[in-house]
Amino acid sequence: MQELNLYDYFRSSASYRVRIALNLKKLSYQQIPVNLLKSEQRGAFHKQRNPQAAVPVLDLEGDFIPQSLAICEYLEESYPERYRLLPDDLLARARVRGLSQLIACDIHPLNNLRVLRYLKATLEISEEEKLQWYRHWIYEGFEALEAMLAESELSSDFCHGDQPGLADLCLVPQVYNAQRFEVDLSPYPMIQRIHAACQTIPAFMEAAPEKQRDLF
């Protein structure tokens, strides 16, 4: 089996997704911290691994994969026998990918660290205006996500079916961020229910930011 090294930051939502995927598949991996608050991601060595200057990056003995969803899909295709992150049916796969991308491609990029830093440092908005920005995009994204989950009989304890998959490992870090920024989640009972179900599963619990002591 390949040696897996994950360039990681404990509070990175995208890294959090990958940690859950690795844990669900019970894959052994080494975490290598990249401190985003100290701008270590912008250092020359890390930019050789990922010119976007971001985490996560999965190191496969010298081959580097950036982007969390690409990493998760690689793990799914490389180790399908260990745990299935995607269903077999093609329409079901498209649904799960759609839910995942709503979170990872629409909600999260508007609220990540580099955007928040730009709003504060370059556009010189206030802390309260920054929070309004953050919460607005959470509310807009979660409203759509809640509707997609609630209206489908394919959602149960998890986003799709009776076990967590790709969409759930995107959902949980986004809820973590929403809670951190004191977003009111009461309008989203389905999201809250799925999040609570995931929090009972060791793969999710062990991937949580507060568990990543070596990455602080």
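Bear in mind that the values in this text are calculations on the coordinates, not laboratory data. Quick caveat: nothing in here was measured; it's all calculated off a predicted structure. Here the Cβ positions follow ideal geometry from the backbone for every residue, glycine too, while neighbour counts run over all protein chains shown.
Treating cross-link reach as a plain straight distance, find the lysines whose alpha-carbon is under 19 Å from the alpha-carbon of K47, omitting any fewer than eight places away in the same chain.
K38
So how do M205, M148 line up by other beta-carbon neighbours within 10 Å, fewest first?
M205, M148
Could you work out the relative contact order of the stretch 90-203, using alpha carbon pairs under 8 angstrom and six or more residues apart, expressed as a whole percent?
Relative contact order of the stretch 90-203: 31 percent.
Report the FRET efficiency, 1/(1 + (r/R0)^6), for A70 and S152, where r is their Cβ-Cβ distance and R0 is 25 Å, rounded to 0.05.
Working from the Cβ atoms, E equals 0.45.
Could you sort 18-24, 106-112 so that the peptide with the highest average Cβ count within 10 Å comes first and the rest follow in order?
Ranked by mean Cβ neighbours within 10 Å, highest first: 18-24, 106-112.
Which far-off residues, 5 or more places away or on another chain, put their amide H under 5 Å from the one on D8, with H placed in the peptide plane?
I32, V34
Report ³J(HN,Hα) in whole Hz for each residue of the stretch 119-128, in order, from the Karplus equation J = 6.51 cos²θ - 1.76 cosθ + 1.60 where θ = phi - 60°; Gly and Pro get x.
4, 7, 7, 9, 8, 6, 7, 6, 4, 5
At what distance in nm do the modelled label points of A92 and A208 sit from each other, each positioned 7 Å from its Cα along Cα→Cβ?
So the two model labels end up 3.0 nm from each other.
What is the gain in length, in nm to one decimal, between R117 and E129 on full extension, counting 0.36 nm per residue of separation less the C-alpha to C-alpha distance? All intermediate terms of the calculation are to be shown ahead of the outcome.
Numbers: separation 12, 0.36 × 12 = 4.32 nm, distance 1.26 nm.
Residue separation times 0.36 nm, minus the Cα-Cα distance, leaves 3.1 nm.
Where does each of C198, C170, C105 land when they are ranked from fewest to most other beta-carbon atoms within 10 angstrom?
Going from least to most buried by this count: C105, C198, C170.
Using a cut-off of 14 Å between beta-carbons, work out the net charge of the residues near E128 (Lys and Arg +1, Asp and Glu -1, E128 not included).
Numbers: positive: K120, K130, R135; negative: E124, E127, E129, E182.
Computed value for this residue: -1.
Based on the alpha-carbon gyration tensor of the chain and its eigenvalue square roots a ≥ b ≥ c, which shape applies: rounded if a/c is under 1.5, prolate if not and a/b is larger than b/c, or oblate?
Here the chain falls in the oblate category.
If neighbour count is taken as other Cβ atoms inside 10 Å, put R95, R193 in order from fewest to most. Let's see the in-between values first.
Working: R95 19, R193 16.
Ascending number of Cβ neighbours within 10 Å: R193, R95.
For the chain, what is the mean residue ellipticity at 222 nm derived from helices alone (per DSSP H run of n ≥ 4: -39500 (n - 2.57); sum divided by total residues; nearest 500 deg cm²/dmol)?
-14500 deg cm²/dmol
For the chain, give me the percentage of DSSP beta bridges that are antiparallel, rounded to the nearest 5 percent.
65 percent
Place a label point 7 angstrom from the Cα of Q52 along the Cα-to-Cβ direction, then list the residues of the stretch 71-94 whose backbone nitrogen is under 15 Å away.
Counting backbone N atoms under 15 Å from the label point, the list is 71-74.
Amide H of L60 versus every other amide H placed in the peptide plane: which residues, excluding those fewer than 5 positions away on the same chain, fall under 5 Å?
Residues meeting the criterion, in which the H sits 1.01 Å from N, are I65.
Residue by residue, what Karplus-based ³J(HN,Hα) values in Hz, rounded to whole numbers, does the stretch 134-140 have, using 6.51, -1.76 and 1.60 with θ = phi - 60° and x for Gly and Pro?
With the stated coefficients, the stretch 134-140 comes to 4, 5, 4, 6, 5, 4, 5 Hz.
Can you compute 3J(HN,Hα) from phi for each residue in the stretch 199-212, using the Karplus curve 6.51 cos²θ - 1.76 cosθ + 1.60 with θ = phi - 60°, rounded to whole Hz and x for Gly and Pro?
Once θ is set to phi - 60°, the couplings for the stretch 199-212 become 5, 8, 9, x, 4, 6, 4, 6, 8, 4, x, 5, 8, 8 Hz.
Give the cross-link partners of K26 among the lysines, using a straight C-alpha distance below 23 Å as the criterion and excluding same-chain residues fewer than 8 apart.
Hits, sequence-local ones excluded: K211.
Most mobile of G141, G43, G165 per a Gaussian network model of the chain (Cα springs, under 10 Å)?
Of the options given, G43 has the highest mean-square fluctuation.
Residues of the stretch 145-162 with amide nitrogen under 20 Å from the 7 Å Cα-to-Cβ point of D184?
Of the residues in the stretch 145-162, 145-147 have backbone N under 20 Å from the label point off D184.
What number, in percent, do you get for the relative contact order of the chain if the mean sequence gap of Cα pairs under 8 Å and at least 6 apart is divided by its residue count?
27 percent.
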